[in-house]
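Have a look at the structure below before the remarks.
Readers should treat all values here as calculations from the given coordinates under stated rules, not as data from a laboratory. Nothing here was measured: the structure is a model prediction, and the numbers come from that model. Cβ placement follows ideal geometry from the backbone for every residue including glycine, while neighbour counts extend to all protein chains displayed.
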Amino acid sequence: MRSVFIILLIVFVFTNEFWKSEAYPYSEASENGKFLHLTDIHLDPLYVPNSDPAEWCHRPNKSNPSANTAGKFGALLSPCDTPYALTNATFSFFKSSVQDIDFIIYTGDFVRHDRDKVIPRTKEEVIFGHDIIVKYFSEVYDLKKIKSLRSGTMMNFVSRFRQKYRLHDTLQPGPNKVLMAIKESWDPLGLNLTDDFLNGGYFRQDIHSTLTVLSLNSIYFLPSNSKSPDCDIPDSPGKKQFDWIERELSSAVAEGRKVYLIQHIPPVNVTGYSQYKTHCYSLYVDMLGRYHSIIYGHFTGHTNEDNVAFLVKNGTSSYSLIGLGDPKTLSSSSNYENIVLPLYNAPSIVPDINPAFRIFSYSTKDSDYGLLQDYVQYYANLTTANKEGNLVWEIEYDVLDAYNMKGLSTDNWLNTLNEFAKANSTAWKLYKLYLFTNTHVEGPYYAFLSKLDH
């Protein structure tokens, strides 16, 4: 089985040069393949079991021992990051049970959040995060032997470190010391870091002669990034990135390639509210609309939630994005009947809610290589794991079985949305349950859930 690893962490992707144009020996051997979508591990080496979540799980509360509720595998519904125990259990499961895959999409982040004012996150910690992710994956997938696993097999290891090389959600325009330092750090790995990466932290990777992954740098679209103006400014990093995306998508059309778009932060949150600067958002939605016919997949992380948004065609040439967390979306079929593209946001490993990851199935037929067919989501019940001292990964659901779908096409999703919209819909109840990975949630953030009953 061909193996390619697309790992998005902080600002780049690295690759060896095994993909060549002359041969794809497995394109006709099987009509489908699999890939893993993994996101937001946020490993915290400072995590202390039986500490106080109010102290970021870094210190016990000596004056109030009852507050020391951080479990071995994480502190559910807290701001704490991921302990080694959960990370180790996750990669151990990958080693034993997630081997029959072709590539891995990792949509950030790997290092802990910079929340603890007592112990600020350092540059050295971020570099350590770069190193240890390779160590984890090399222990699961033997990178030294990966090219010789099977005669004629072509392997590729791609890693992109997303925009966490900073204290806040800011990154100045490239080239800059951050991007150059990362490039230098990973030179021995044969990283495919072009001038496009140095200029903006984005990257193209061809998975197949007819399938390209475009790895985007969403930090330049964020309102919180004061170092980057909105995308209506011609020389802004966001506008330059859009110029690059336009060139790449135009090239894909001309050469008959389909495209996966991957990045850390989705353009809309679960309720359909924009997460980008005003003009960056407008350009992004317009770009999706003009090229949706060649975009075979759109993958993000960041929010920790399992949700799917949709691109909707309005009239002849305009488009909008809708989220199922907006109660208006399912109130009338006119709001969603013209969907043209689903946008998949995967739940995270970081145990804000129950950790999860998913495995997609896709077509490997030459006629529609990369077309998504199904996904199966795995999760771990963190409450049970902490109680029993043992974490078990299990299938949470298969999307086709859960919603009685025949595939992941827009027609199939339209049928599912019609089912969601019905009164007392079992499928809709399942969607809301899976939204937070079977976690019993409460608090102001989750108040919108009460508005979704119909």
| query | By the scheme Lys and Arg +1, Asp and Glu -1, what is the net charge of all other residues having a beta-carbon under 15 Å from that of Gly315? | reply | 0
| Summed residue charge, Cβ within 12 Å of Ser251's Cβ, Lys/Arg positive, Asp/Glu negative | -1
| remark: Rounded to the nearest Å, the spacing of the alpha-carbon centers of segment 190-245 and segment 266-306 is 14
| Using 0.36 nm per residue, how much length does the chain from Glu419 to Thr316 gain when fully extended, once their Cα-Cα distance is taken away? | 34.4 nm
| Extension gain, Lys387 back to Asn404 (0.36 nm per residue minus Cα-Cα distance, nm) | 2.7 nm
| task | Lys and Arg at +1, Asp and Glu at -1: add these up for the other residues within a Cβ distance under 10 Å of Ser282 and post the number. | result | -2
| Of the listed peptides 446-452, 91-97, what is their order by residue-averaged count of other C-beta atoms within 10 Å, with the highest listed first? | 91-97, 446-452
| field | Calculated on alpha-carbon atoms, Rg and Dmax of segment 192-323 in Å | value | 14.3, 41
